[in-house]
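The values are calculated or read from the model by the stated rules, or taken from the named source; none is laboratory data. On a predicted model such as this, the values are computed, not experimentally measured, just so you know. FYI the Cβ positions are ideal-geometry reconstructions off the backbone, even for glycines, and counts take in every protein chain you see. The area values use the complete protein model at the heavy-atom level, side chains included, leaving out ligands, DNA and RNA. Shrake-Rupley method; radii C 1.70, N 1.55, O 1.52, S 1.80 Å.
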Amino acid sequence: MPDANQSRGEFSLIARFLSGLDKGPDVILGNGDDAAILRLAPDEELAVSVDSMLEGVHFPPDSPPAELAYRAVAAAASDLAAMGARPVAMTLALSIPDADESWLALLRSGLSDAVKDFSLPLVGGDLTRGPLTLSVQVMGALPGGKAIKRSAAKTGDILFVSGPLGDSAAGLAIIQGRIQAAESCAEFLRARFWRPRPALDLGASLRRFATAAVDVSDGLLADVGHIARASQVCVVVESGLVPISPQLRATVSPAQALDWALRGGEDYQLCFTLPQGLDAPAGCTRIGCVEDGAGVRCDVTGGRDGYRHF
């Protein structure tokens, strides 16, 4: 148990750097008490998800704190998009090695941007000393029984993705100095790593049509594998249809661009299935279909499907 001085330090840091971000239409009581109180409509259900990011595992050492905060929230919010949920609120459990106030001020700036961009007020959390880790829990609201799950894809459905893939993996490679890029491309690709934009509006609009959905976090092939397993079908991915940005094409070879698009992960686009005959929402691309069978089939083979946590 921390002593009184440690507790006062923790509460002071929370008050200075993590408070005032808790305003939202669904928030009855935000920061400052033992728990937050949220409001849902009588016919709504609560969707909850949590993502943890550890320095040296999920992001490079000495990452910019504002970008790190934004990315952590975006990654968690993408799970709400995949379920078709409306963002309600989030909490943050933050472990830091030192109480560096200038670092915390920059972290708050990124959190503030994420709160505004994703309509996710920060209503609570925890702050402790330890290895740099951010754990973001997000909460969303859904009309009763209307969540998009991974388990309802049907034979004959068409597979879509919401946007280009592979940019985040390229952005990380640039940040780590593993590849070089023209500055205009490098700026775009770094931004796709640090500040992904989860497809929250698209996810909500898909509730009426999509049979299954998943966000692309571990890699396209790995993530559509979740749909295949949950729905007990075979998901077919046509590599030539997978969208790749001009910036990525201009930076690496076609083979490397395709490999990152299929396996790189952390683009936080939505991959979803629609019944045959329905048009794709604007900006989305057909990349395959659902067939009888099991697993994922792709015309490009070799290598891992995507990121593995263990």
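Filter segment 30-47 for residues that are in contact (Cβ under 8 Å) with a residue 60 or more places away in the chain and surrounded by 13 or more Cβ atoms within 10 Å (Cβ to Cβ); which is farthest from THR128 (Cα to Cα)? Per the stated criteria, the residue is GLU44. Only one of (1) at pLDDT 95 or above; (2) outside any strand (DSSP E or B); (3) of a type in the set (Ser, Thr, Tyr) is not met by THR301, so which one is it? If we test THR301 against (1) at pLDDT 95 or above; (2) outside any strand (DSSP E or B); (3) of a type in the set (Ser, Thr, Tyr), just (1) comes out false. Scanning segment 55-90 for residues that are in a strand (DSSP E or B) and open to solvent by 30 Å² or more (accessible area, probe 1.4 Å), we see that the one that is farthest from VAL123 (Cα to Cα) is GLU55.
Within segment 15-36, the set of residues being among the aliphatic types (A, V, I, L, M) and closer than 25 Å to GLU101 by Cα comprises ALA15, LEU18, LEU21.
Touching a residue at least 12 places away in the same chain (Cβ under 8 Å) and buried (at least 22 other Cβ atoms within 10 Å of the Cβ), is that true of LEU220? Yes: the conditions hold for LEU220. Of the numbered criteria (1) out of contact with any Gly (no Cβ under 8 Å at 6 or more places or on another chain); (2) closer than 20 Å to ILE148 by Cβ; (3) in a loop (DSSP other than H, G, I, E, B); (4) among the polar types (S, T, N, Q), the one SER217 fails is (1).
Tell me, which strands (runs of 3 or more DSSP E) wholly within segment 92-198 include 3 or more residues that are open to solvent by 10 Å² or more (accessible area, probe 1.4 Å)? Where strands (runs of 3 or more DSSP E) fall fully within segment 92-198 and carry at least 3 residues being open to solvent by 10 Å² or more (accessible area, probe 1.4 Å), they are 122-129, 133-143. Here segment 251-284 is the region considered, the condition is being over 22 Å from ALA74 (Cα atoms) and among the hydroxyl-bearing types (Ser, Thr, Tyr), and the residue that is surrounded by the most Cβ atoms within 10 Å (Cβ to Cβ) is THR273.
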